[in-house]
1. State which residue is most open to solvent (accessible area, probe 1.4 Å) when the search covers only the range 11-20 and only residues that are more than 16 Å from Tyr63 (Cβ to Cβ), not aliphatic (A, V, I, L, M) and not in a helix (DSSP H, G or I).
2. Quick check on my filter: what residues within the range 103-147 are touching a residue at least 12 places away in the same chain (Cβ under 8 Å), small (Gly, Ala, Ser) and either surrounded by 15 or more Cβ atoms within 10 Å (Cβ to Cβ) or at positive phi (or both)?
3. Can Gly136 be described as assigned to a loop (DSSP other than H, G, I, E, B) and touching a helix residue (DSSP H, G or I) at 6+ places or on another chain (Cβ under 8 Å)?
4. Of everything in the range 82-102, what is outside any helix (DSSP H, G or I), crowded, with 16+ Cβ neighbours inside 10 Å and out of contact with any helix residue (DSSP H, G or I) (no Cβ under 6 Å at 6 or more places or on another chain)? Give them in sequence order.
5. Name the pairs whose Cβ atoms lie under 6 Å apart, with the first residue in the range 77-90 and over 19 Å from Ile101 (Cα atoms), the second of a type in the set (D, E, K, R) and surrounded by fewer than 17 Cβ atoms within 10 Å (Cβ to Cβ), and 6 or more positions between them or separate chains?
6. If you scan the range 21-48, which residues turn out to be of a type in the set (Val, Ile, Thr) and either open to solvent by 40 Å² or more (accessible area, probe 1.4 Å) or not in a helix (DSSP H, G or I) (or both)?
7. Look through Leu75, Leu66, Leu51, Leu56 and report the one residue that is under 16 Å from Pro17 (Cα atoms) and not in a helix (DSSP H, G or I).
Amino acid sequence: MWTLKEALDYYRDAGAPSQQSALVELLREIQTEEGLISDAALQAVCTAYGLRVTFLNAIIARYPSLKTEHVRHRLVVCCGKSCGGRGSAKLLELLERNWGIVSGQTVHGIACRTVPCLKHCGHGPNIQWDGTVYEGADEALLRQLLD
């Protein structure tokens, strides 16, 4: 068991915050200890390293395995040409109608966004849930993940 101050000092010596890899490892360690990255821990990291919360949130958004108090899950919907032609717009409509989830927002702890391509074009529509890509996504899969 460690204190947050000990972790901050250790990762500062390892290169954080100037080395993003050390900063990400610190965030992973905080999540391991706390179960998620709390707002208080984010603020402590910002204060200790002179960072902005928006900067840390941008880093966290790049790593689907990192979870904050407000984001329990990350959902990405592919809207590329191939997926769009196979029903990604319908998936977005279902998300909004059935669960109130809108791209670009965090609702019920689920951060949703769209991307131009998930690189699985032959098997669309595709979604990514907490870093795992699901091909041929449909309403049943959404229901399974969200319910």
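1. Ser18
2. Ser103, Gly109, Ala111, Gly124, Gly131, Gly136, Ala137, listed by residue number.
3. Taking the combined requirement at face value, the residue satisfies it.
4. Scanning the range 82-102 gives Arg86, Gly87.
5. The qualifying pairs do not exist here.
6. Within the range 21-48, Thr32, Ile37, Thr47 qualify.
7. Being under 16 Å from Pro17 (Cα atoms) and not in a helix (DSSP H, G or I) holds for just one of Leu75, Leu66, Leu51, Leu56, which is Leu51.
The values are calculated or read from the model by the stated rules, or taken from the named source; none is laboratory data. Given the structure is predicted, the values throughout are model-derived calculations rather than measurements. No Cβ is skipped: glycine too gets one built from the backbone with ideal geometry, and neighbour counts run over all protein chains shown. With ligands, DNA and RNA removed, areas are computed over all heavy atoms of the protein, side chains included. Shrake-Rupley method; radii C 1.70, N 1.55, O 1.52, S 1.80 Å.
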